[in-house]
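The values are calculated or read from the model by the stated rules, or taken from the named source; none is laboratory data. Please read all numbers here as calculations on a predicted model, not as lab measurements. FYI the Cβ positions are ideal-geometry reconstructions off the backbone, even for glycines, and counts take in every protein chain you see. Keep in mind that these areas ignore ligands, DNA and RNA; they rest on the heavy atoms of the full protein, side chains included. Shrake-Rupley method; radii C 1.70, N 1.55, O 1.52, S 1.80 Å.
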Amino acid sequence: MSEYVTIPLDIEGVKVNRVEVTSNGEVHIHVSSTVDGTRCHRCGRDIHHRYDEGREIKLRHLPILDMPTYIFIKPRRYLCDDCPGNTTTTQHLPWYEPRQAVTKAYAKHVLRLLVNSTVQDVSKKEKIGYDEVEDIVEDRFGQGVDWSKFKSMPTVGIDEIALKKGHRDFATIVSTRTEEGKNRLLGVLENREKATVKAFFLSIPKDLRDTVQCVCSDLYEGYTEAAREVFGENVEVVADRFHVAKLYRKEVDTLRKKEMGRLKRDRFNR
Ligand SMILES: [Zn+2]
């Protein structure tokens, strides 16, 4: 496969050694690190004394041509010459978390798919275990948001996800819709309680909070009350996204009609 197409791999610090498509339709990409050195986990010094390679890890990554895709890497290990007892540290690259089975990009992809969907649907669509989807959800709990990336957030979506495994019944996914109509993930909350949702809304910087015009959620009271209490009584709360899609279409429609009118006028005035 690699002989015919070049796949731009959207991760840094690696070179691709081999790409194969397995008989069961998976893409396996074998990579190795091109980053030199790491920080000693004991003394914090930069260390460059190569030791050996760690055990190969397998990470689920974004699908290529709709095929489940995995990245294989043997993390480099380094020896610290200053610490006693052959202290070694395993290098890890910023596009995955140690001890997680997926790349950060893939985790985000799954969380985005969960907006307005269920764990079951996503599990089926992605050919990934139900538990793995839940793991991705739980790993994201409590992670902060870089609000500086957002200039305005006219629409905020709140979805609940039913969880089966573990001790929780529900989690909440908060997202926003960009002007291009793409869903962007804001946060994953540990339950669906009003206090939790409200605290998250209050963590949005005031300037940004003031740009919220519409909150889409199923009409679960905890969500809608939290939205009204934080964004004010004037915020529009709608039951589902289709309503919002309709609003967008209506705007486009109005524009189209105007444009048609202008064209007709132009023709007759000629
Ligand atoms: Zn050290």
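Working only within segment 1-43, note down all residues that are within 16 Å of the ligand (Cβ to nearest atom), under 15 Å from ARG77 (Cα atoms) and either open to solvent by less than 60 Å² (accessible area, probe 1.4 Å) or modelled with pLDDT under 95 (or both). Break it down stepwise before answering.
The first filter runs over segment 1-43 and keeps only residues within 16 Å of the ligand (Cβ to nearest atom), leaving 37-43.
Now restrict to residues that are under 15 Å from ARG77 (Cα atoms): 37-42.
Listed by number, the residues that qualify are GLY37, THR38, CYS40.
Farther than 30 Å from ASP131 by Cα and modelled with pLDDT under 95: which single residue out of GLY54, GLY85 fits that description?
GLY85
Looking at segment 132-171, which of the residues that are open to solvent by 80 Å² or more (accessible area, probe 1.4 Å) and farther than 30 Å from VAL235 by Cβ is modelled with the lowest pLDDT?
HIS167
Conditions (1) away from the ligand (no atom under 16 Å from the Cβ); (2) open to solvent by less than 20 Å² (accessible area, probe 1.4 Å); (3) touching a helix residue (DSSP H, G or I) at 6+ places or on another chain (Cβ under 8 Å); (4) within 23 Å of GLU20 (Cα to Cα), marked per residue:
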| residue | (1), (2), (3), (4) |
| --- | --- |
| ARG60 | yes, yes, yes, yes |
| LEU65 | yes, no, no, yes |
| TYR78 | no, yes, no, no |
| GLY85 | no, no, no, no |
| GLN100 | yes, no, yes, yes |
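Only one residue in TYR51, TYR96 is under 17 Å from ASP10 (Cα atoms) and aromatic (Phe, Trp, Tyr), so which one is that? First the steps, then the outcome.
Numbers: TYR51 fails: under 17 Å from ASP10 (Cα atoms).
Just one listed residue meets the conditions, TYR96.
I want to confirm something. Restricting to segment 44-54 and keeping residues that are part of a strand (DSSP E or B) and within 11 Å of the ligand (Cβ to nearest atom), which single residue is most open to solvent (accessible area, probe 1.4 Å)?
It comes out as ASP46.
Tally up the residues in segment 188-208 that are assigned to a loop (DSSP other than H, G, I, E, B) and more than 13 Å from GLY142 (Cα to Cα), please.
Adding up the residues that qualify gives 4.
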